[in-house]
Amino acid sequence: PNAMEAPAPVSTYLHAATMVKAGIYLMARVNPLFMGSEVWFWMLVGAGTVTMLLGAYLAMVQTDLKRILAYSTVSALGTLTLLWGLGTTRAAEAAMAYLLVHGLYKGTLFLTAGAVDHGTGTRDVNELGGLRQAMPITALAAGLAALSMAGIPPFFGFIGKETIYVAALDSPTAQGLVTVASLIANLLFVAIGLIVGIRPFFGALKETPHHPHEGSVDLWIGPLILGALGLVAGLASGAVGHDFVLQAASAVLGRTVETHLSLWHGWNTAVALSRVTFAAGLTVFAIRKPLARVMGAVARALGPVGPARGYFHLLDGTMGLAGVVTRVFQSGYLNRYLLFVLFTTVGLGGYTLFFRAGFSWPEEILNVRFYEAGLVAVMLVAAVAAIRSRNRLATVIALGVVGYGVGLIFLFFGAPDLAMTQILVETLTVILFVLVFFRLPKFVVLTRSAGMRLLDAAIALASGGLMTALVL
């Protein structure tokens, strides 16, 4: 809602059609991976329900047309999140239907809000009224969208609302909670639709900063088409359900589903809930002024801990965390990078090897011949010499002893091909090291505390131990 400074077409693109649906699309795509998980269910249903109700509540206390629409978009995204959390076939059908419903009516209303702002110089609903004669085409487009948002038949919004109720009643868990929450949000949407799509155009004409006038054709043709599509989609719900909703739901669920969208399925619980929704929504619209005062007072009281303030705290916290992570993990010191890499490898690899993969020692691990033990001793002495040497050439030679020792081990255990490869690689490596390192400056002795040196030693030993265990 703080991104309302953009022109109306940009707001339509961002908040009604594409950009804010990117997260919903991602949830839809990963839903088959997590569907059936209790954590996924409660995370999405919990977050979706709170967002749906809070967004609708905050939309009711706004007076700017675009902010009302923005908060109702937040509520709609909460509804879609809730539906993905339910994880049923009915919920997938409802999500896809509502995705289309919301894009049509919300795109229309954002564009008409821009046209009203252009034609009157204000977007404050308290300063608007009686515009239907000065802006008849915009009023028609807004009216079509408002009726669809309110879920009035034969608009496609009615079908979208019905599918939400069917999905809520089909919920495997918390059926009552989901149904009641959906009912509250939908009745508030009835009132919101009438506030943004009907109220500015009916009643007594009010004085506005600009003399009210209809905009040029490029201002009303877009919303008129979108608003009319909401009606056409409702009348052709069977074809829309088969060609759009069915295909999308099947793609998301990974299997073919059957959906039969229709304006009438007979008397059932969903129809009864729709009638209650419309009646309650009309009541809320009728008492909107005293209700808005009470709701506004509550919203202002909760302002310091509300979602808008929470967003900025979250943003500040994210930047602070990024700073800490950058200072720790992007220090510019190669030895620290190696420390993190080795520590992570030992932790994750060691946990998997010893606790998940069932590591067991080989039976003949102590059956070592005397010359094998002697070779290992020479390699250990060479390794310690490489660590403690302050001369680069001596270090390279010591490492070469270790490498040739590995080659001899291969030879002892009947792998002459590996031994020859190891000896060849080791010879070339020693030569290259000598030629290159000989010209480098002398070792720099880094001042490190005893604790850090012990940590280095522990990680080095753990890394070597892990590699040994993996080889065994």
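The values are calculated or read from the model by the stated rules, or taken from the named source; none is laboratory data. Just so it is clear, the structure is predicted and the values come from calculations on it, not from any experiment. Every residue, glycine as well, gets a Cβ built from its backbone with ideal geometry; the counts of neighbours run over all protein chains shown. Note: areas computed on protein heavy atoms with side chains; ligands, DNA, RNA excluded. Shrake-Rupley method; radii C 1.70, N 1.55, O 1.52, S 1.80 Å.
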Loop-located chymotrypsin sites (Phe, Trp or Tyr not before Pro) in the range 383-461, at most 15 other Cβ atoms within 10 Å (DSSP): 413, 438, 443
Farthest positive-ward along the chain dipole, Cα basis, beta-carbon charges - from 68, 100, 78: 68
The range 240-304: radius of gyration over Cα atoms, expressed as a fraction of 2.2 N^0.38 Å: 1.83
Reduced Cα scattering model of the range 195-306, Debye log10 I(q)/I(0), q = 0.13, 0.22 Å⁻¹: -0.97, -1.20
Rg/Rh (Cα only; Kirkwood hydrodynamic radius) as it applies to the chain: 1.23
For the range 359-393 and the range 66-89, distance of Cα centres in Å: 63 Å
The range 303-317 - phi-based ³J(HN,Hα) in whole Hz, Karplus 6.51/-1.76/1.60, Gly and Pro as x: x, x, 10, x, x, 5, 5, x, 4, 5, 4, 5, 5, 4, x
Local net charge near residue 295, Cβ-Cβ under 13 Å (Lys/Arg +1, Asp/Glu -1): +4
Which of 435, 338, 303, positive extreme of dipole for the range 297-455 (C-beta unit charges): 303
Relative contact order computed over the chain (Cα-Cα under 8 Å; 6+ residues apart), in percent: 14 percent
0 to 90° range, to nearest 10: angle between helix 89-120 axis and the chain longest Cα axis: 60 degrees
Charge dipole magnitude, Cβ of K and R +1, D and E -1 - the chain, Cα centre, debye nearest 20: 1180 debye
Accessible surface of the range 343-450, 1.4 Å probe, proportion on carbon and sulfur as whole %: 72 percent
Cross-link reach list, lysines versus residue 106, counting only Cα pairs under 26 Å and skipping chain neighbours closer than eight places: 21, 66, 161, 206, 289
Stretch in the chain that is longest and holds no trypsin sites (Lys or Arg not before Pro) that DSSP places in a loop and that have at most 10 other beta carbons within 10 Å: 1-254
Candidates per chymotrypsin sites (Phe, Trp or Tyr not before Pro) in the range 211-299, loop by DSSP, up to 13 other Cβ within 10 Å: 264, 267
3J(HN,Hα) from dihedral phi, the range 285-293, Karplus parametrisation 6.51/-1.76/1.60, rounded to Hz, x for glycine, proline: 5, 5, 9, 4, 5, x, 5, 5, 5
Note, ³J(HN,Hα) from phi for the range 456-470, Karplus 6.51, -1.76, 1.60, rounded to Hz, x at Gly and Pro: 4, 5, 5, 5, 4, 5, 5, 5, x, x, 5, 4, 4, 4, 5
Residue range of the chain that is longest and free of GluC sites (Glu not before Pro) which are both DSSP loop and sparsely packed (at most 16 other C-beta within 10 Å): 6-206
Quarter of Cα convex hull surface for the range 199-259, i.e. mean projection, nm²: 7.1 nm²
Accessible area of the chain divided out per residue, in Å², using a probe of 1.4 angstrom: 55 Å²
Dipole of the range 110-265 [Lys/Arg +1, Asp/Glu -1 at C-beta], most positive-end residue of 262, 120, 174: 174
